[in-house]
Amino acid sequence: MNESRFLHACRREPVDRTPVWFMRQAGRYMPEYRAVRAKHSLLEICFQPDLAAEVTLQPVRALGVDAAILFADILLPLIPMGIQLEFAAGEGPVIHTPIRTAADVAALRPVEPRESLAHVLQAIGLVRRDLGDHTPLIGFAGAPFTLASYLIEGGSSRNFVKTKQMMYGAPQTWHALMGKLARVVADYLVAQVEAGAQAVQLFDSWVGCLSPDDYCEYVLPHSQFVLRAVKATGVPAIHFGTDTAMLILWMKTAGGDVIGLDWRTPLDLAWKALGPETAVQGNLDPVALLVEAPYPELERRVQAVLEQAAGRPGHIFNLGHGILPETPVENVKAVVEMVHKFSMRRAA
Ligand code: CP3
């Protein structure tokens with residue numbers, strides 16, 4: 001049953017234990033990752049299929065999680081669109097030529113992911129060959145809004161001032177940009193499914209900075225375009241954002257079989273508001289993992305998440321956002337064991 005626990009939960013079918021995986025489960029907190037990273041840049045790992053596949057498999061081997069997530073980055077599809085990006089040490093991504101005008105948007109190139117992102121798709125094939133049907137593989141992409149925010153700001157942002165200035169002040173340019181991004185992201189996700197991804201997650205990490213009205217007008221139709229394309233493939237989609245609170249109600253309208261929540265949104269209230277036809281993923285605070293054994297407080301927090309889900313079919317355990325680089329690996333492993341132990345269902 002282990003092989004499909006995650007996929008069953010995406011479809012709200014009963015499972016023997018609550019499935020668990022982690023955003024950023026491959027990354028700097030793992031010594032195996034740091035060893036690869038010492039020899040290769042982030043982009044080298046992403047574009048060399050054997051390295052990307054190896055790093056994808058590291059947490060599956062080390063942690064016993066119920067799903068693998070492809071090792072890549074949400075910003076990769078921007079490169080074939082004509083954007084030069086860099087991952088500067090300690091600063092996060094940097095885009096030296098941000099998109100600010102209608103002419104900038106017009107110059108963005110369309111992308112054929114099967115050509116310009118073929119290496120990423122090859123990594124999916126390699127991972128699937130290794131995992132077989134034992135552990136499902138999640139593909140992913142950034143949602144149009146979150147990608148647009150990086151393109152317009154030129155990197156990470158706090159208040160998304162330039163992004164909102166384009167949205168409010170030049171809505172035609174905004175929609176032209178979002179339309180182009182939605183097309184690229186939709187094609188890329190469909191290509192990932194064709195290559196073997198058994199579920200996908202759409203990361204709209206920063207969409208929580210918007211009001212519901214602005215979300216509906218400037219974002220929802222574009223995310224909906226992406227999620228409709230995924231739905232047509234038949235694989236489940238997880239629609240994730242942080243700091244979303246009530247925005248999840250409109251994110252649900254945009255699409256997704258599973259809504260991803262962070263720790264600021266109570267899982268029980270969110271699920272009640274979303275309704276039983278939606279699955280939910282989340283939502284432990286990643287900072288809760290920064291403790292030393294023994295783990296009474298961590299156990300209490302894992303239990304609290306599971307109690308809010310109350311054993312209803314359709315809960316996938318995860319953090320509310322990615323694992324922090326300073327997290328001890330043994331704590332991540334302990335959380336996997338706790339989730340499986342505390343959620344064990346009696347044989348039907
Ligand atoms: O294990 C996994 O989750 C898969 C790998 C993955 C990466 N990025 C690799 C990566 C995934 C799913 C992402 C998604 C991603 N990338 C998001 C959405 C998820 C989220 O966190 O909200 C965003 C916003 C990005 C953009 C991005 N890439 C940032 C802001 C940074 C710098 C952050 C940091 O911690 O330094 C990156 C770099 C990056 N992407 C790293 C990893 C493992 C760390 C850099 C390194 O190894 O040098």
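Since every read-out is calculated from the coordinates, none of them should be taken as a lab result. Just so you know, these numbers come straight off a predicted model, no measurement behind them. When we count neighbours, we look across all protein chains shown, and the Cβ atoms used for this are built from the backbone with ideal geometry, even at glycine.
For every helix of n ≥ 4 consecutive DSSP H residues, a contribution of -39,500 (n - 2.57) applies; sum these over the chain, divide by its total residues, and give [θ] at 222 nm rounded to the nearest 500 deg cm²/dmol. Kindly include the intermediate steps, with their values, before the conclusion.
Details: 16 runs with 167 residues, N = 348.
Per the formula, -14500 deg cm²/dmol.
Calculate the translational D of the stretch 11-63 in whole µm² s⁻¹ from Stokes-Einstein, where the hydrodynamic radius comes from the Kirkwood formula applied to all Cα pairs, the temperature is 37 °C and the viscosity 0.692 mPa s.
Rounded, D is 263 µm²/s.
Calculate the length of the line joining the C-alpha centroid of the stretch 1-45 to that of the stretch 70-94, in whole Å.
Measuring centre to centre over Cα atoms gives 20 Å.
Would you mind working out the magnitude of the charge dipole of the chain relative to its Cα centre, with +1 at each Lys and Arg C-beta and -1 at each Asp and Glu C-beta, to the nearest 20 Debye?
Details: 32 positive and 36 negative charges, 73 e Å.
Taking the Cα centre of the chain as origin, the dipole is about 340 debye.
Extent of the stretch 50-90 along each principal axis, from alpha carbon coordinates, in Å, largest to smallest?
That works out to 38, 23, 18 Å along the principal axes.
Put +1 on the Cβ of each Lys and Arg and -1 on the Cβ of each Asp and Glu in the stretch 70-128; which of Leu126, Ile74, Thr101 then has its Cα farthest toward the positive end of the dipole?
So the residue we want is Leu126.
When the scattering of the stretch 87-207 is computed by the Debye formula from its Cα atoms alone, each counted once and equally, what is log10 I(q)/I(0) at q = 0.09, 0.13, 0.23 Å⁻¹?
Taken in order of the listed q values, log10 I(q)/I(0) reads -0.30, -0.60, -1.29.
Please compare each pair in Lys39/Lys333; Lys164/Lys252; Lys164/Lys333; Lys272/Lys333; Lys162/Lys252; Lys231/Lys272 to a cut-off of 32 Å on the Cα-Cα distance and tell me which ones are over it. Before the final figure, lay out the partial values.
On the way: Lys39/Lys333 26 Å; Lys164/Lys252 22 Å; Lys164/Lys333 40 Å; Lys272/Lys333 30 Å; Lys162/Lys252 27 Å; Lys231/Lys272 23 Å.
From Lys39/Lys333; Lys164/Lys252; Lys164/Lys333; Lys272/Lys333; Lys162/Lys252; Lys231/Lys272, over 32 Å: Lys164/Lys333.
What order, most packed first, do the peptides 195-208, 294-307 have when packing is the mean number of other Cβ atoms within 10 Å of each residue?
195-208, 294-307
Largest first and to the nearest Å, give the Cα extent of the stretch 256-299 along each principal axis.
38, 17, 15
Which of the peptides 82-94, 260-272 is most tightly packed, and how do the rest follow, going by the mean number of other Cβ atoms within 10 Å of each residue?
260-272, 82-94
Where a Cα-Cα gap under 20 Å defines reach, which aspartates and glutamates qualify for Lys180, not counting those fewer than 8 residues away within the same chain?
Asp73, Asp104, Glu112, Glu115, Glu153, Asp204, Asp214, Glu217
To check you understand DSSP bridge types, tell me what percent of the beta bridges within the chain (both residues inside) are antiparallel, rounded to 5.
On the way: 5 of 28 bridges.
Here the antiparallel bridges make up roughly 20 percent for the chain.
Take the alpha carbon gyration tensor of the stretch 224-307, find the square roots of its eigenvalues, order them as a ≥ b ≥ c, and report rounded if a/c is under 1.5; if not, report prolate when a/b exceeds b/c, else oblate.
Prolate, since a/c reaches 1.5 and a/b exceeds b/c.
Between the stretch 292-345 and the stretch 141-195, how far is it from one alpha carbon centroid to the other, in angstrom?
32 Å
Report the one residue of Ala310, Val55, Leu247 whose Cα lies farthest in the direction of the positive end of the charge dipole of the stretch 5-347 (charges on C-beta: Lys and Arg +1, Asp and Glu -1; origin at the Cα centre).
Ala310
Among 236-247, 275-286, how do they line up by average Cβ neighbours within 10 Å per residue, starting with the highest?
Result, highest mean Cβ count within 10 Å first: 236-247, 275-286.
How big is the Kirkwood radius of the chain, worked out from every pair of different alpha carbons and given in Å to one decimal?
About 20.3 Å, per the Kirkwood formula over Cα pairs.
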